[in-house]
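The next block holds one structure in the form of structure tokens; read it before the comments.
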């Protein structure tokens, strides 16, 4: 069995970063069966301070097209290593920036005129910051499908901030997750029929499954079985995200 020892923020994702690719997902409210919004992703090379980066840009909109969050995830163009992540939530008026340096992740949150800063040591085996989770799953899909009882540690920065505000230790946001393999699917996509595999992520600890909010700790992904393992669907809470656009670089 292959062992992955490094923190996922210090892994290369060069094979998963397809510059020029654009993807979109519609948000289906599973309770009302209504479309509640959309997510749009693009991947492009950006030069900043004489260095080249591959940047994942993401805008989430309401059903009427109004943007409510903007996110960017920056990778070194030559290595594929994540460098920093920025998120702006226009509804809750906050901005978050995570910067990765080796095994140390620095977080800065600006919310309602207040600034919170802290550092997280990611030296545990297989620590995955939430913003790189989909890249991690795509990169390791074959290993996940071939490994019994696959698990890893997921770090949820926004949950860390909520825990601190409520007087709980931030360490509770470093959660050991297990992967449950679900059914194989054949889905209609903009590129035709693609075979995918559904996987469920949830806390390994039954105590944490009962204690922590389900919509922030239980996730379902359907990922294409063939490389580069496109994300086809994912669900969190009452919302299912369904692929509507997948255009490749010309």
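If you rank 205, 173, 186 by fewest surrounding Cβ atoms within 10 Å, what's the result?
Fewest-to-most Cβ neighbours within 10 Å comes out as 186, 205, 173.
Of 118, 155, 234, which is the most mobile in a GNM of the chain whose springs link Cα atoms less than 10 angstrom apart?
118
When 40, 143 are ordered from fewest to most other Cβ atoms inside 10 Å of their Cβ, what list results?
Ranking 40, 143 by Cβ neighbours within 10 Å, fewest first, gives 143, 40.
Roughly what would the spin-label model give for residue 108 and residue 204, points 7 Å off Cα along C-beta, in nm?
In this crude spin-label approximation the distance works out to 3.4 nm.
How much length would be gained if the chain were fully extended between residue 76 and residue 214, taking 0.36 nm per residue of separation minus their Cα-Cα distance, in nm to one decimal?
So the chain would gain 46.3 nm between residue 76 and residue 214.
Nearest 500 deg cm²/dmol is fine: what mean residue ellipticity at 222 nm does the chain get from its DSSP H runs of n ≥ 4 alone, each adding -39,500 (n - 2.57), divided by its residue count?
Estimated from H runs of four or more residues: -3000 deg cm²/dmol.
If you build a Gaussian network model of the chain, linking Cα atoms that sit under 10 Å apart, which residue out of 141, 18, 116 swings the most?
It is 116.
For 84, 74, what ranking results if the residue with the fewest other Cβ atoms within 10 Å of its Cβ goes first?
With the fewest neighbours first, 84, 74 line up as 84, 74.
With the Cα gyration tensor of the stretch 111-250 giving a ≥ b ≥ c as the square roots of its eigenvalues, does the rule (a/c under 1.5 for rounded; else a/b larger than b/c for prolate; else oblate) give rounded, prolate or oblate?
prolate
Taking springs between alpha-carbon atoms closer than 10 angstrom, which of 164, 183, 119 fluctuates most in the Gaussian network model of the chain?
Looking only at 164, 183, 119, the largest GNM fluctuation is found for 183.
Tell me, what is the percent relative contact order of the chain, built from C-alpha pairs under 8 Å that lie six or more residues apart?
Relative CO of the chain lands at 18 percent.
With label points built 7 Å along Cα→Cβ from the Cα atoms of residue 50 and residue 188, find their separation and express it in nm.
Calculated label separation equals 5.4 nm.
Just so you know, all these numbers are worked out from the coordinates, no wet-lab data involved. These numbers were taken from a predicted model, which means no experiment stands behind them. Neighbour counts run over all protein chains shown; Cβ positions are idealised from the backbone, glycine included.
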